[in-house]
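The values are calculated or read from the model by the stated rules, or taken from the named source; none is laboratory data. Values in this document were obtained by computation on a predicted structure and should not be read as measured data. All Cβ positions, even for glycine, are placed from backbone atoms using ideal geometry, and neighbour counts span all protein chains on display.
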């Protein structure tokens, strides 16, 4: 992605500036949920959609990527061979990073189970999938919360945690040692 103010180029996966005035800087990650516009409007009825105007060819914004998204063999802008053994390159995942660890949960796992729990020595991260709203969000759980399957999340039980939506090939290219939940 490009920062038009500083003309800097940033990696969407790592959050590090790879070229330009801000080179070497790292973006601060903030928690958010991945959802549909309909679910967003339900939760934030006065929320606004920022939409880029159509380009000079009068194409609808994003239309140029339709064939890319549909082609399971096309990996990245320039293409590459799918040698990502644990999942197909274009399988969608939700990536979590904390401390010196990376985790990825396949979208198919979340759709099937409704949630995933990632536990290491210092944190417990709960990913929740809402089938009706096609929404994914992640939460850091306090040690005091007892776990027994899917839990009800609210401001008292958990703190929102950053999660990144990506294709498997892109995520694992940055983090080859990722622990995969599939």
Exercise for the section: May I ask you to verify whether residue 47 is in contact with a helix residue (DSSP H, G or I) (Cβ under 8 Å, 6 or more places away or on another chain), surrounded by 11 or more Cβ atoms within 10 Å (Cβ to Cβ), modelled with pLDDT under 90 and in a loop (DSSP other than H, G, I, E, B)? Expected result: no
Exercise for the section: Among residues belonging to the stretch 27-44 that are part of a loop (DSSP other than H, G, I, E, B) and in contact with a strand residue (DSSP E or B) (Cβ under 9 Å, 6 or more places away or on another chain), point out the one that is farthest from residue 171 (Cα to Cα). Expected result: 36
Exercise for the section: Test residue 24 against the criterion of being closer than 26 Å to residue 105 by Cα, assigned to a loop (DSSP other than H, G, I, E, B) and either in contact with a helix residue (DSSP H, G or I) (Cβ under 9 Å, 6 or more places away or on another chain) or at pLDDT 85 or above (or both), and give yes or no. Expected result: no
Handout entry: strands (runs of 3 or more DSSP E) completely within the stretch 71-182 that count 3 or more residues being closer than 29 Å to residue 37 by Cβ and at pLDDT 80 or above
Key = 92-98, 101-106, 115-119, 124-130, 135-140, 159-161, 164-167
